[in-house]
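Q: Once you've had a glance at the structure underneath, I'll fire off some questions.
Every number in this text was worked out from the coordinates using simple rules, so none of it is lab data. The shown structure was predicted, so the numbers you read here are calculated from the model rather than taken from an experiment. Cβ atoms come from the backbone with ideal geometry, glycine included; neighbour counts cover every protein chain shown.
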Amino acid sequence: MNSYFAKQPILDLDGETYGYELLYRNNTGTRSYDGIDGDKSTAGVINSVFFEDNYNKVLHGKMAFLNFTENLLLEKTALLLPKEQVVIEILESVIASDEILERCAELIESGYIIALDDYVYSYQTAPLLDYCDIVKIDFRIDKDDIEYTASRCRELGKIILAEKIETNK
């Protein structure tokens, strides 16, 4: 079975590549995710990059940001991956349950970096902030939500990444 993925650079403030978000694609011509099955999608990317010894060729020593569903977190899939090469990116659909927070604590204790994807601060999502290093904010959402989420993240000393910004302007 062939598995395809997109490699989207994540740049720092100086325009240097910090890492790459690796995103599943169902074929070579697809520019967006088909949304079929998050577990299988991430598993396909992991298999293609890490279990076929491609990660040095794909990442060039940079970090891989990989989307993790609730199931993949609960199944401890991340623990199969090299912690020095991977950022565990928790999808916005993951609920901050006691089990998920326990998994996050285990990942941190094992030395993994955790990021929150498309994060918007709320009472329900706030517990996840205690377990992450990086917060990715979608800049297409409401400006007030962006500003409030960013201010909460800055107060907690989180690294903030802006998503859905396609130009330098």
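Q: In terms of modelled amide H atoms, which long-range or inter-chain residues lie less than 5 Å from the amide H of Asp138?
A: Asp118, Tyr119, Glu163
Q: Go ahead and estimate [θ] at 222 nm for the chain from helices alone: -39,500 (n - 2.57) per DSSP H run with n ≥ 4, summed, over the residue count, rounded to 500.
A: -8500 deg cm²/dmol
Q: Restricting the count to DSSP beta bridges whose residues both fall in the chain, what percent are antiparallel, rounded to a multiple of 5?
A: 30 percent
Q: Looking at the calculated P(r) for the chain, what percent of the C-alpha pair distances fall above 25 Å?
A: That fraction is 30 percent.
Q: Using the Karplus curve 6.51 cos²θ - 1.76 cosθ + 1.60 with θ = phi - 60°, what ³J(HN,Hα) values do you get for each residue of the stretch 18-23, in whole Hz, with x for Gly and Pro?
A: 8, x, 9, 7, 9, 10
Q: Output ³J(HN,Hα) for the stretch 129-140: one whole-Hz value per residue in order, computed from phi by the Karplus curve 6.51 cos²θ - 1.76 cosθ + 1.60 with θ = phi - 60°, and x for Gly and Pro.
A: 4, 5, 10, 10, 9, 10, 10, 9, 10, 6, 7, 9
Q: When ranked by the protection proxy of mean other Cβ atoms within 10 Å per residue, highest first, what sequence do the peptides 81-90, 11-20 form?
A: 81-90, 11-20
Q: List the residues, sorted by chain then number, that are 5 or more residues from Glu92 or on another chain and whose placed amide H is less than 5 Å from its amide H.
A: So Glu92 has HN proximity to Asp117.
Q: Return the long-range amide H neighbours of Tyr18 (sequence gap of 5 or more, or a different chain), with a cut-off of under 5 Å between placed amide H atoms.
A: When sequence neighbours closer than 5 places are left aside, the close amide H contacts are Ile10, Leu11, Asp12.
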